[in-house]
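Here the structure is laid out as structure tokens; the discussion comes afterwards.
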Amino acid sequence: MTNCTNTNKEYVMSALDIAKQSHDAAVLMPSGKHFFTKVANSRFGYQQLLDHCGIEPGAIKVAFEPTADYHRNIAYWLAEAGCECFLAGAD
């Protein structure tokens, strides 16, 4: 996330690298600050990610780099919580 600026100041943006046991998350806050964290592949881990963002789920945009089917649970859970979800992949 070097030289990255958040042009839409009202959203938290997160990118998730999906794996079987845990996911790597890069989070860009509306203030421009960013952080990296690991997210357990569980409902508790998903809720921790939202808690770290400290903002309403409707103001969070999440991009997934899917691996097999491991992204399905977190994508469904975050979408149900109100996050805007996107799949990112190479064509």
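The values are calculated or read from the model by the stated rules, or taken from the named source; none is laboratory data. None of these values were measured; they are calculated from a predicted model. Cβ: placed from backbone, ideal geometry, glycine included. Neighbour counts: every protein chain shown.
Assorted remarks:
- For segment 55-70, the set of residues classified as modelled with pLDDT of 85 or more and under 18 Å from residue 36 (Cα atoms) consists of 60, 61, 62, 63, 64, listed by residue number.
- Segment 25-56: number of residues that are under 21 Å from residue 77 (Cβ atoms) and either assigned to a helix (DSSP H, G or I) or of a type in the set (Lys, Arg) (or both): 12
- Among the residues of segment 32-91, those identified as closer than 16 Å to residue 22 by Cα and among the acidic types (Asp, Glu) are 65, 69.
- Residue in segment 50-72 that is among the small types (Gly, Ala, Ser) and either buried (at least 18 other Cβ atoms within 10 Å of the Cβ) or touching a Ser or Thr at 6+ places or on another chain (Cβ under 6 Å) (or both) present: no
- Residue pairs whose Cβ atoms lie under 7 Å apart, separated by 6 or more positions or on different chains, with the first residue in segment 67-90 and over 13 Å from residue 13 (Cα atoms) and touching a residue at least 24 places away in the same chain (Cβ under 8 Å) and the second β-branched (Val, Ile, Thr) and in a loop (DSSP other than H, G, I, E, B), are 67/18; 70/18; 71/18.
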